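Okay, so here's the structure we're looking at.
The values are calculated or read from the model by the stated rules, or taken from the named source; none is laboratory data. Just so you know, these numbers come straight off a predicted model, no measurement behind them. Note that each Cβ is placed from the backbone with ideal geometry, even for glycine, and that neighbours are counted across all protein chains shown. Surface areas here come from the heavy atoms of the whole protein model, side chains and all, with no ligands, DNA or RNA. Shrake-Rupley method; radii C 1.70, N 1.55, O 1.52, S 1.80 Å.
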Amino acid sequence: MDRIDISRPRIFKGEFSPPPDKSISHRAVFFSSLAQGKSIVRNFLRAEDTLSTVNAFRSLGIQIEERISSSSDYELRAESYELVIHGKGLHGLSEPLNIIDCGNSGTTIRLITGVLSGNPFLSVLTGDSSLRTRPMARVITPLTMMGAGISARDNNRYPPLAIKGSGLSAIKYEMPVASAQVKSSILLAGLYAEGETVIVEPARSRDHTERMLPAFGAGLQVSGLNVSVKGGADLLPADMEVPGDFSSAAFFIIASLLIPDSEIIAKGVGINPTRTGLLDVLSKMGAKIEISNMREVSGEPVADISCKGKALLKGIQISGESIPSLIDEFPVLCVAAAFAEGTTTIRGAEELRVKESDRIRSIATELRKMGAEIEEYPDGLSITGNEKLKGADVESHGDHRIAMSLAVAALASEGKTTINGISSVNISFPSFFDIIRKLSS
Ligand code: S3P
């Protein structure tokens, strides 16, 4: 039974720790596997997407041990996971004996394509039916310019991909789309290239790679929208800790703003400014969100986030450079907009159409079933707020963030909502429904 019934709770109160950050967990496995020696990754996100990265490196010959730790830092979560990764250096990977299945994970397939471009053996990458429709030309084009041999389905556009790496040369590349996956893929290939690889982004995307790679000894520099990396030197092992995932906390922040008398505190959440554009947007919409206990964890800013409902939200216009800093939060922001006064318009967000699902189409289709008034554009949508959304029978479209956004809509609506396809939450947030239960009991 892959569905759940959700209604408005009588209470929605309490503290919780969101799961460890997905983007940072992926990168920790990548860099540790390529470093020479034993690295430790504390508070690793054990979810389907990040396990796709772990399994990919295991099939390239890297030994990765998993431990359960009952660290008191995460007392609000039943258990936290730790990885011990025995990296073999940039040139220590071995040819995989089989096709590598990247599951649903865009980060795994795009970043590993960069790594395999620098390795002189044959690898074949594939994924689930969603991943096999996600654009790969955005990494194939620059990696081919560096000298990699890559072929992919449908005229080099989609997975499966076959990669035969070779001696790469550094390039200067102006990225047409702001994408941290593309930037990180090229930076990883740059580690194998002779000389300095320079990337210019059109707008700033999440910068976890830039923050983490220097901790592994890489020669990396950031100047405005330019990022450069020096190739040729081996990476050193590191001991690091992953902060809580802001994108996962976002569902509870918005739920709290929509439910009367709610009061929540999300503890230990990453507040890297390249990720928290949602906080600026919500504050412009009229929400009051408190940030406290600011600290740094493994080079990333972390804090506790508290909010109380119910907020009187106002519609807003969103476009332009801020979009990458809230790209994964748009589905749940659409839910907030559906309950706000006035119209919210989002433009310049065409990237949403090529995520785990076409997120413009999926969220518009499902929120309309609950009574929302939505107009779709090729690059966004506009939502006219309406306090009276009603429970309905809705679908996740196999997309974790759509499933969780619909759960937030269900918590704030009248009547019962049935969400189908909820196992998709295991991609990034396996304990999502447990936390909802905990806060509403
Ligand atoms: C991610 C980057 C973003 C984001 C994805 C994770 C990453 O994708 O949507 O969930 O870890 O680098 P793009 O780089 O394609 O924008």
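Before moving on, here are some points about what is shown:
- Here segment 3-37 is the region considered, the condition is being more than 20 Å from Gly127 (Cβ to Cβ) and charged (D, E, K, R), and the residue that is nearest to the ligand (Cβ to nearest atom) is Asp21.
- Of the residues making up segment 307-325, those that are of a type in the set (Ser, Thr, Tyr) and surrounded by fewer than 18 Cβ atoms within 10 Å (Cβ to Cβ) number 2.
- Residue count for segment 114-125, restricted to those that are open to solvent by 30 Å² or more (accessible area, probe 1.4 Å) and within 22 Å of the chain's Cα centre (by Cα): 0
- The set of residues from segment 419-441 being out of contact with any strand residue (DSSP E or B) (no Cβ under 8 Å at 6 or more places or on another chain) and either hydroxyl-bearing (Ser, Thr, Tyr) or open to solvent by 20 Å² or more (accessible area, probe 1.4 Å) (or both) comprises Ser423, Ser424, Asn426, Ser428, Pro430, Ser431, Asp434, Arg437, Ser440, Ser441.
- Residue match in segment 380-394 (condition: under 22 Å from the mean Cα position of the chain (by Cα) and within 15 Å of the ligand (Cβ to nearest atom)): no
- Condition check for Ser262: in the same structural domain as Phe330 (by TED's automatic domain parsing), open to solvent by 20 Å² or more (accessible area, probe 1.4 Å) and either within 20 Å of Ile436 (Cβ to Cβ) or among the polar types (S, T, N, Q) (or both): no
- Within segment 326-366, if we keep just the residues that are aliphatic (A, V, I, L, M), part of a helix (DSSP H, G or I) and surrounded by fewer than 24 Cβ atoms within 10 Å (Cβ to Cβ), the residue that is nearest to the ligand (Cβ to nearest atom) turns out to be Ile327.
- Between Ser166, Ser151, the distinction of being part of a loop (DSSP other than H, G, I, E, B) and more than 16 Å from the ligand (Cβ to nearest atom) belongs to Ser166 only.
- The condition of being closer than 17 Å to Ala152 by Cβ and touching a Phe, Trp or Tyr at 6+ places or on another chain (Cβ under 9 Å) holds for only one of Val115, Val124, that being Val115.
- Residue in segment 38-51 that is buried (at least 17 other Cβ atoms within 10 Å of the Cβ), away from the ligand (no atom under 16 Å from the Cβ) and assigned to a helix (DSSP H, G or I) present: no
- Test: residue in segment 140-151 that is surrounded by fewer than 20 Cβ atoms within 10 Å (Cβ to Cβ) and among the β-branched types (Val, Ile, Thr): yes
- Scanning segment 193-220 for residues that are open to solvent by 10 Å² or more (accessible area, probe 1.4 Å), assigned to a strand (DSSP E or B) and either within 16 Å of the ligand (Cβ to nearest atom) or closer than 16 Å to Ala233 by Cα (or both) gives Glu194, Glu196, Val200, Leu220.
- Test: Met175 is aliphatic (A, V, I, L, M), closer than 18 Å to Glu351 by Cα, surrounded by fewer than 23 Cβ atoms within 10 Å (Cβ to Cβ) and within 12 Å of the ligand (Cβ to nearest atom): yes
- Residues in segment 91-140 that are under 19 Å from Leu352 (Cα atoms), within 14 Å of the ligand (Cβ to nearest atom) and either part of a loop (DSSP other than H, G, I, E, B) or free of Cβ contacts under 8 Å to residues at least 24 places away in the same chain (or both): Asn104, Ser105, Ser130, Arg134, Pro135, Met136, Ala137.
- Test: residue in segment 234-246 that is under 21 Å from Ile271 (Cβ atoms) and of a type in the set (D, E, K, R): yes
- The single condition from (1) among the acidic types (Asp, Glu); (2) under 19 Å from His397 (Cβ atoms); (3) more than 16 Å from the ligand (Cβ to nearest atom); (4) without any contact (Cβ under 8 Å) to a residue 40 or more places away in the chain that Glu375 fails is (2).
- Some residue of segment 177-192 being part of a loop (DSSP other than H, G, I, E, B), touching a strand residue (DSSP E or B) at 6+ places or on another chain (Cβ under 9 Å) and without any contact (Cβ under 8 Å) to a residue 60 or more places away in the chain: no
- Residue check, Ile186 at pLDDT 95 or above, away from the ligand (no atom under 15 Å from the Cβ) and surrounded by 20 or more Cβ atoms within 10 Å (Cβ to Cβ): no
- Residue pairs whose Cβ atoms lie under 6 Å apart, sitting 6 or more positions apart in sequence or on different chains, and linking a residue in segment 164-175 that is polar (S, T, N, Q) to a partner that is assigned to a loop (DSSP other than H, G, I, E, B), are Ser166/Gly147; Ser169/Gly147; Ser169/Ala193.
- Where Leu34 falls short, out of the listed (1) in contact with an Asp or Glu (Cβ under 7 Å, 6 or more places away or on another chain); (2) open to solvent by less than 30 Å² (accessible area, probe 1.4 Å); (3) not small (Gly, Ala, Ser): (1)
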